[in-house]
Amino acid sequence: MDAAQRVAALRREIERHEHAYYVLDAPTIPDAEYDRLFRELQAFEAAHPDLATADSPTRRVGGRPLVGFAPVRHVVPMLSIRTETDTEPSGAQAFDARVRRELGLIESDPPVEYAAELKFDGLAINLRYESGLLVQAATRGDGETGEDVTQNIRTVRSIPLRLRPDGSALGAQRGVPPVLEVRGEAFMSRPDFERYNARQRALGRAPLVNPRNGAAGSIRQLDPAMAAERPLSFYVYGLGETRGWEQPATHGAVLDALGALGLPVCEHRAVVCGAQGLIAFHARMRELRDALPFDIDGVVYKVNSLALQQRLGFVTREPRWAVAHKYPAEEMLTAVEAIEVQVGRTGAITPVARLAPVFVGGVTVTNATLHNEIEARRKDVRVGDTVVVRRAGDVIPEVVSVVLERRPMRDLPGDEPLHPAFELPKSCPVCGSAIERPEDEAIARCTGGLICPAQRKQALLHFAGRRAMDIEGLGDKLVEQLVDNAIVKTPADLYKLGLLAMVNLERMAEKSAANILEAIEKSKQTTLARFIFALGIRNVGEATAKDLARHFGALDALVAADVDALQQVPDVGPVVAASIARFFAEPHNLEVIEQLRAAGVSWTEGEPSAVVNSPIAGKTFVLTGTLPTLTRDEAKDMIEALGGKVAGSVSKKTDYVVAGAEAGSKLDKAQALGVAILDESQFRELLQA
Ligand code: IVH
């Protein structure tokens, strides 16, 4: 292929991807792959200026306005920023060096001050406030003209419909400006994305491809009610047109002022000095990346002084004073080498794609989940396929989609795919028992129960888990050997283990064998809630186990309860009640429980519902920040022991927020909603009331 042909092919391919991305909201390749194609085209055009054309995708700024929404002309164009493709720290050095050069600084001049923030992965939105009221929200579009998405943006809870008059000491002025346009990113948080997709999967509907697509789809919904079903978040990172607003002198101060007006500003930002400061911020946020509840694809550095920003100005459509410094991509392409199934603790069969190793989301991934049979078929993943793999946060890697145009085909006849569609095996690959999937469920299960070594191993690991019997050192390698050598069949067998059996295992030193035996011994003294949780009854998680322990007080009362009695427990519905009843109806399970008790596993039994009189029974708490003396788990245990609940996020239903050092957005939210906020000593007082 000569250069002209390659350029034409690249343009066709890029245009196809742009159409899929911007118009259909259904991209077929990851951004990283698109960027690669785009850069290849740019390089060709630079090397062969005669091949450059006015209509090349490289000549365009961004998306194009969609039909269906009224066009909005931006008074101040919405620009994009240059991306530093070097994901290593040197990217920050290169930016700092450029800024210093442009400003004519010499080595002896002091370091430049930068505002460093996160690069949110969503959709740029311009919000226009007039006299404090939100009057319009628009997408970026092509930078000059965007789409009016006011109705949909109004459904985003964190965007104020009215600015809060700025009475804080930070404000450069009091009251609200006549015109204030702010720019920021609308995105879908990972918990909202996971929740939405779990529901879609349960309903047998197509899930969203990734949070960014979820955000784009939500904003571009013509029906605001549909938009509201896909909850979005928003963070402000800059300004558009302003009138009658005295602008602070630095970008950092602008964000502070916007925050004081009630606009959502991300807490993870900093004003730093020079390349060293940028590098440190880049590293710190990379560490934080997995723990954030939303996707970021990098950080953004901006020259902090607005006067210096003005001096630096723009090159074509990009400011010289800002740069995006990326992290390794969270979506990449790789090849499927095989599709296998895994058997979970409750027999759930999960199809898993074995992949050619690929560096994604900062780690090398070789396996990715296909979730279940229905999903695997919907995505139609086959051996040999090129697939998009996603790993974001600490969520397990998943196959997002197949790049169909790269599927290997039979030469002739018929031009059929080389490999057949995936089918779930009829019998368990581990124990050979039948695999069954109830009509109305998405998940197929191995019917082997504890006969199946795979389920047995998972059950043992669950039993020994930290929040269950807490047997330290009983990890998957050891369980694997204990089960494979038929030394341990049920949890009760753990308490019959002797030093001899242990030291005969592979790679087991006498010392560590003794430690594990000691941990097993120690686990005998436990609580009823932990014991119930450890049994691994389907649909009985830690919270339900605690509710059951509290309600029944004693194991025998729980074992004897029928489904009606079980449904008296708060939060236990017919499905959970049926699983519990089914578990205790199984003679084999009762036998194991008897053996455990005989081996000395014990707990203190209490009166049924002993905590109804507790001051916090039924109350919901949210923990945030670091408490002076209590760990999060300790505080949680204290709350739950008294019949309270611990939730992950603050809402109107939250009764108390317990806040420690470096509490972040949850504290702000509690304040905004007027939820009671306690420090550790007030918290302790409340529990003693
Ligand atoms: S500043 C003139 N700051 O990244 C500077 N952009 O091309 C305008 N983005 O689509 C952008 N986080 O939506 C800026 N903290 C941040 C950002 C950010 C995400 C997006 C923005 C734009 C793209 C930059």
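The values are calculated or read from the model by the stated rules, or taken from the named source; none is laboratory data. What you are looking at is a predicted structure, and each value in this text was computed from that prediction instead of being measured. Please note: Cβ atoms are built from the backbone with ideal geometry, for glycine as well, and neighbour counts cover all protein chains shown.
Of note:
- Pairs with Cβ under 8 Å, 6+ apart, first in the range 132-146 and free of Cβ contacts under 8 Å to residues at least 24 places away in the same chain, second away from the ligand (no atom under 16 Å from the Cβ): Val135/Arg128; Val135/Tyr129; Val135/Thr150; Ala137/Arg128; Ala137/Asp148; Ala137/Thr150; Ala137/Asn152; Ala137/Arg154
- Inter-residue pairs, beta-carbon under 7 Å, first farther than 20 Å from Glu331 by Cβ and in the range 118-129, second acidic (Asp, Glu), 6+ apart: Asn126/Glu181; Leu127/Glu181; Arg128/Glu181
- Asn126 away from the ligand (no atom under 16 Å from the Cβ) and either buried (at least 17 other Cβ atoms within 10 Å of the Cβ) or closer than 29 Å to Phe281 by Cα (or both): no
- Top-ranked residue of the range 269-304 - restricted to ones that are more than 24 Å from Arg320 (Cα to Cα) and within 12 Å of the ligand (Cβ to nearest atom), ranked as surrounded by the fewest Cβ atoms within 10 Å (Cβ to Cβ): Phe294
- Filter result for Asn213 (within 16 Å of the ligand (Cβ to nearest atom) and in a helix (DSSP H, G or I)): yes
- Selection of first residues in the range 391-414 that are at positive phi and of second residues that are surrounded by fewer than 15 Cβ atoms within 10 Å (Cβ to Cβ) and part of a loop (DSSP other than H, G, I, E, B), restricted to Cβ pairs under 7 Å at least 6 apart or on distinct chains, gives the following pairs, ordered by first then second residue: Gly393/Asp290.
- Cβ-Cβ under 7 Å pairs, at least 6 apart or on other chains, the range 80-93 side part of a loop (DSSP other than H, G, I, E, B), far side within 15 Å of the ligand (Cβ to nearest atom) and among the acidic types (Asp, Glu): Ser80/Glu318; Ile81/Glu318
- Some residue of the range 293-315 being over 30 Å from Val363 (Cα atoms), hydroxyl-bearing (Ser, Thr, Tyr) and modelled with pLDDT under 95: no
- Filtered by the rule that a residue be without any contact (Cβ under 8 Å) to a residue 60 or more places away in the chain and in a helix (DSSP H, G or I), the range 621-667 gives Arg632, Asp633, Glu634, Ala635, Lys636, Asp637, Met638, Ile639, Ala641, Lys666, Leu667.
- Pairs linking a residue in the range 101-113 that is surrounded by fewer than 14 Cβ atoms within 10 Å (Cβ to Cβ) to a residue that is modelled with pLDDT under 95, with Cβ atoms under 7 Å and 6 or more positions apart or on different chains, do not occur.
- Pair list, Cβ < 8 Å and 6+ apart or interchain, from the range 284-301 residues that are within 15 Å of Ser665 (Cβ to Cβ) to residues that are assigned to a strand (DSSP E or B) and more than 10 Å from the ligand (Cβ to nearest atom): Phe294/Ser233
- Taken over the range 129-166, the residue count meeting the criterion of being crowded, with 19+ Cβ neighbours inside 10 Å, of a type in the set (A, V, I, L, M) and away from the ligand (no atom under 13 Å from the Cβ) is 6.
- Test: residue in the range 497-517 that is of a type in the set (Gly, Ala, Ser), within 21 Å of Phe584 (Cα to Cα) and assigned to a loop (DSSP other than H, G, I, E, B): no
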